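Here is the structure we will look at.
The values are calculated or read from the model by the stated rules, or taken from the named source; none is laboratory data. This is a predicted model, so every value here is computed, not measured. Every residue, glycine as well, gets a Cβ built from its backbone with ideal geometry; the counts of neighbours run over all protein chains shown. Areas reflect the complete protein model, heavy atoms only, side chains present, ligands, DNA and RNA absent. Shrake-Rupley method; radii C 1.70, N 1.55, O 1.52, S 1.80 Å.
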Protein chains: 2
Amino acid sequence: MNIGHASAASGVSAKMIRYYESIGLIPKTVRTEAGYRVYSEQDVHTLRFIRRARDLGFSVEQIADLVSLWRDRERASKDVKTIALGHVSVLERKIRELQEMASTLKHLAENCSGDSRPHCPIIEELANEDSPPVLAKADARFGALGKA
Amino acid sequence: MNIGHASAASGVSAKMIRYYESIGLIPKTVRTEAGYRVYSEQDVHTLRFIRRARDLGFSVEQIADLVSLWRDRERASKDVKTIALGHVSVLERKIRELQEMASTLKHLAENCSGDSRPHCPIIEELANEDSPPVLAKADARFGALGKA
DNA sequence: CTTGACCTTCCCATGATTGGAAGGACTACA
DNA sequence: TGTAGTCCTTCCAATCATGGGAAGGTCAAG
């Protein structure tokens with residue numbers, strides 16, 4: 001099976017499959033004489049595992065740990081649970097940060113008439129000389145949501 | 001006032017001030033003969049405005065819009081409200097995605113004994129041949145939380 | 001006049017992902 | 001056999017906001 005087929009079968013883009021190989025998340029594959037990568041059903045299985053972990057928001061680094069724990073049939077379930085719960089707490093912190101942002105903004109927007117007049121509490125809050133941080137301490141790096 | 005002072009007064013790092021200038025979010029400053037950037041109180045005020053908007057998770061692109069609306073004393077509050085509410089809906093979608101991830105993981109972890117035995121429903125779910133996506137469609141790009 | 005703290009520009013790295021270019025390989029069809 | 005079209009390969013670049021650091025100029029205090 002070539003990379004395009006493995007991609008379709010696993011839901012991981014060919015680009016990402018090559019990337020995962022380059023960073024060592026998955027081992028280098030067998031190649032045909034022409035240099036084409038060849039994948040087995042087991043490889044596709046691994047790729048699906050990786051995709052599901054990505055869907056759950058695990059980082060590539062965490063996924064590497066999960067994959068090796070997956071391969072180790074003797075590992076303790078505690079080790080897996082530790083990673084999962086650690087990730088849950090990161091997710092929950094992130095959720096709280098975003099909820100704070102959203103509720104602050106909603107509160108401001110509720111007090112903004114939203115008509116053609118210039119008065120606007122949203123802008124006024126952002127411009128407020130006296131209120132240092134708008135929120136306590138929401139790590140701005142996790143607030144940015146890209147150009148979605 | 002030089003850039004270090006402006007940074008301390010606004011809470012925006014000197015690195016970011018230069019970056020914001022380079023991308024046109026803030027105008028080029030006056031320079032001393034030696035080439036040092038010089039900032040006024042008004043500039044610091046603008047930087048604080050920007051930092052607060054960042055704290056609320058606005059993208060630089062959105063901040064550019066907010067800054068120009070801020071400067072325009074005749075603008076309609078509707079324009080500001082539209083940006084804010086658009087951002088709120090993005091935040092809320094993101095929150096729902098993360099909540100789905102967290103609840104799926106918590107559910108799996110609750111059923112994982114977390115002891116030294118190998119049985120682990122978390123790994124088993126990730127490895128499950130039959131369940132295509134773990135979650136409906138959580139954009140993986142927003143699931144990754146960096147190496148926090 | 002030296003020391004240290006500041007400033008300047010420039011380049012690089014992050015994380016996961018996508019895009020594209022240039023070129024080789026394979027398949028199907030005439 | 002030729003050729004068109006689709007696949008594959010590698011390499012390079014961009015995203016977004018931010019930090020790190022190097023090399024070198026400037027400034028203020030001692």
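General observations
- Here A:Ser77 passes the criteria (1) within 30 Å of B:Phe58 (Cα to Cα); (2) modelled with pLDDT under 95; (3) open to solvent by less than 40 Å² (accessible area, probe 1.4 Å) except the one numbered (1).
- Hits in region B:15-47 (condition: assigned to a helix (DSSP H, G or I), more than 12 Å from DNA strand C (Cβ to nearest atom), out of contact with any Asp or Glu (no Cβ under 8 Å at 6 or more places or on another chain) and not charged (D, E, K, R)): B:Tyr20, B:Gln42, B:Val44, B:Thr46, B:Leu47
- Within region B:87-107, one or more residues are under 17 Å from A:Pro121 (Cα atoms), buried (at least 17 other Cβ atoms within 10 Å of the Cβ), more than 16 Å from DNA strand D (Cβ to nearest atom) and at the interface with another protein chain (Cβ under 10 Å from one of its Cβ atoms).
- Of A:Ile83, A:Ile50, all but one fail to be part of a helix (DSSP H, G or I) and modelled with pLDDT of 95 or more; the exception is A:Ile50.
- Residues that are at negative phi and open to solvent by less than 30 Å² (accessible area, probe 1.4 Å), drawn from region A:55-74: A:Asp55, A:Leu56, A:Phe58, A:Ser59, A:Ile63, A:Leu66, A:Val67, A:Leu69
- Contacts under 6 angstrom Cβ, first residue in region B:1-14 being part of a helix (DSSP H, G or I) and within 6 Å of DNA strand C (Cβ to nearest atom), partner of a type in the set (S, T, N, Q) and modelled with pLDDT of 95 or more, 6 or more apart: B:Ala14/B:Ser7
- Matching residues, region B:5-15, being open to solvent by less than 40 Å² (accessible area, probe 1.4 Å), out of contact with any Phe, Trp or Tyr (no Cβ under 7 Å at 6 or more places or on another chain) and within 17 Å of B:Val30 (Cα to Cα): B:Ser7, B:Ala14
- Within region B:56-73, restricting attention to residues that are in a loop (DSSP other than H, G, I, E, B) and within 16 Å of DNA strand C (Cβ to nearest atom), the residue that is nearest to the other protein chains (Cβ to nearest Cβ) is B:Gly57.
- Number of residues in region B:1-53 that are among the acidic types (Asp, Glu) and touching a Ser or Thr at 6+ places or on another chain (Cβ under 9 Å): the value is 2.
- Some residue of region B:46-54 being surrounded by 20 or more Cβ atoms within 10 Å (Cβ to Cβ) and more than 10 Å from chain A (Cβ to nearest Cβ): yes
- Test: A:Ile83 is of a type in the set (Val, Ile, Thr), under 23 Å from B:Glu97 (Cα atoms) and more than 7 Å from chain B (Cβ to nearest Cβ): yes
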